[in-house]
1. What tally of residues in the stretch 321-334 results from selecting those that are under 13 Å from Ile232 (Cα atoms) and surrounded by 24 or more Cβ atoms within 10 Å (Cβ to Cβ)?
2. With the structure loaded, tell me whether Ala331 is closer than 20 Å to Leu138 by Cβ and free of Cβ contacts under 8 Å to residues at least 60 places away in the same chain or whether it fails that test.
3. Select from the stretch 261-316 the residues that are of a type in the set (Val, Ile, Thr) and part of a loop (DSSP other than H, G, I, E, B) and write down the one among them that is surrounded by the most Cβ atoms within 10 Å (Cβ to Cβ).
4. Looking at the stretch 347-397 only, could you name the residues that are within 13 Å of Val220 (Cα to Cα), part of a helix (DSSP H, G or I) and not small (Gly, Ala, Ser)?
5. Looking at this structure, is Glu234 charged (D, E, K, R) and touching a His at 6+ places or on another chain (Cβ under 9 Å)?
6. Residue under question is Arg252, and the condition is that it be more than 30 Å from Gly328 (Cα to Cα), crowded, with 17+ Cβ neighbours inside 10 Å and among the charged types (D, E, K, R); does it hold?
7. Quickly run through the stretch 102-128 and pick out the residues that are out of contact with any helix residue (DSSP H, G or I) (no Cβ under 9 Å at 6 or more places or on another chain) and either of a type in the set (D, E, K, R) or buried (at least 22 other Cβ atoms within 10 Å of the Cβ) (or both).
8. For Ala281, which of the numbered conditions (1) within 30 Å of Phe41 (Cβ to Cβ); (2) at pLDDT below 95 fails to hold?
Amino acid sequence: MMPAAPGGAGSAQRRVTVLGATGSIGRATLDLIAAAPEGSFAVQALVANGNAVALAEAARRVRAARAVVADEAAYAALKEALAGSGIACAAGQEAVIEAATLPADWTMAGIVGAAGLAPTLAAVAQGGLVAVANKECLVCAGAALMASAREAGTMLLPVDSEHNAIFQAMDSAGPDGVERIVLTASGGPFWGWSLAEMGQASPAQAVAHPVWRMGAKISVDSATMMNKGLEIIEAAHLFDLEEHRIGVLVHRQALVHGLVYYGDGSVVAQMAPPDMHTPIAHTLAWPRRMRVPGARLDLAAAGQLSFEVPDEARFPALRLARAALRAGGTAPAVLNAANEVAVRLFLDGKIGFLSIAAMIEAVLDRVEATEAEDLGAVLAADEAARAVAEEQAKTFA
């Protein structure tokens with residue numbers, strides 16, 4: 001049976017939890033909840049890392065039952081900001097996990113980085129619908145996450161615009177009826193740059209994304225195209241496809257977000273203006289649709305749509321991600337951890353832009369992949385990769 005969706009006659013109120021409520025995905029989610037018809041949603045819990053003031057404001061805005069900060073040092077500020085509101089508050093990692101396991105019909109898994117692994121797995125284990133916006137969960141622990149979802153009867157709804165596009169474009173044929181899928185990429189700010197020019201790129205230039213407005217880390221991932229490499233790994237788990245059946249095309253207009261190629265020669269694409277409210281709304285109301293204000297796609301105004309094959313000589317992150325996916329086990333976790341460290345060092349001005357991929361490759365060569373038996377194995381690989389990456393920093397400084 002399909003779960004009840006908000007809006008429309010006879011629909012039930014949907015209980016929701018937002019993990020990562022003060023990040024860009026969380027804020028967009030709360031915008032949609034706040035704008036929905038009265039009674040559409042009941043917010044069980046909002047979770048953030050340490051921005052107590054922003055979390056309290058969000059909790060009051062959507063009348064959340066509970067607000068939780070992961071950073072225990074932020075608890076006093078959160079408690080003060082929520083005084084008199086009737087909203088329960090808590091702090092610490094255990095409180096985050098507890099919030100993730102509250103009975104909810106729909107959970108947004110939007111905590112960024114490895115910190116989102118345990119809460120997302122906890123949300124998946126309790127059932128319901130889980131909208132997955134945390135790349136690291138599928139990249140680092142994809143097999144465990146998918147197995148947990150199957151065991152709990154949890155439906156995973158992809159939030160990334162590309163994976164959400166594939167989800168929308170896939171019919172009931174399933175992976176056996178699909179020849180391949182294609183994820184599109186904007187190409188980032190350095191698409192037309194030479195290697196020499198990229199070698200001189202500054203952090204400010206790397207985070208100046210031409211289409212999307214995102215955080216610094218994911219903007220750098222777009223500049224290196226590692227974001228697309230990570231999305232290849234995600235797609236392999238989400239759609240049960242082998243690496244060679246997942247393609248990437250650079251589409252500078254960012255209007256076509258994903259394409260599905262079927263065995264009968266048909267190609268189905270999902271298109272929309274580049275606005276994360278669209279895929280979030282698709283998951284929030286699934287299996288129905290909710291109205292979202294904003295720009296509508298105008299193909300006549302767009303004029304032309306162009307597509308190019310990415311150049312892996314200038315963007316080796318794609319090659320590294322595919323190699324990690326083929327290696328399997330904890331290799332993707334090693335890739336992700338090394339990337340997080342390298343991006344941080346680049347943003348801090350300690351290594352150059354081209355050193356990001358070179359450093360990741362060095363870590364992959366040094367850290368041996370093992371079986372990703374459980375979250376413990378994944379976290380151990382993550383820790384080992386970060387330690388090696390920090391050591392490598394001296395080499396690439």
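1. Qualifying residue count for the region: 4.
2. It is true that Ala331 is closer than 20 Å to Leu138 by Cβ and free of Cβ contacts under 8 Å to residues at least 60 places away in the same chain.
3. Filtering first and then ranking leaves Val292.
4. Correct list: Leu347, Ile356.
5. Against the criterion (charged (D, E, K, R) and touching a His at 6+ places or on another chain (Cβ under 9 Å)), Glu234 qualifies.
6. yes
7. Of everything in the stretch 102-128, just one residue is out of contact with any helix residue (DSSP H, G or I) (no Cβ under 9 Å at 6 or more places or on another chain) and either of a type in the set (D, E, K, R) or buried (at least 22 other Cβ atoms within 10 Å of the Cβ) (or both), namely Asp105.
8. The single condition Ala281 does not satisfy is (2).
The values are calculated or read from the model by the stated rules, or taken from the named source; none is laboratory data. Keep in mind that what you see is a predicted model, and the values were worked out from it rather than measured. Heads up, the Cβs are rebuilt from the backbone with ideal geometry, glycines too, and the neighbour counts pull from every protein chain shown.
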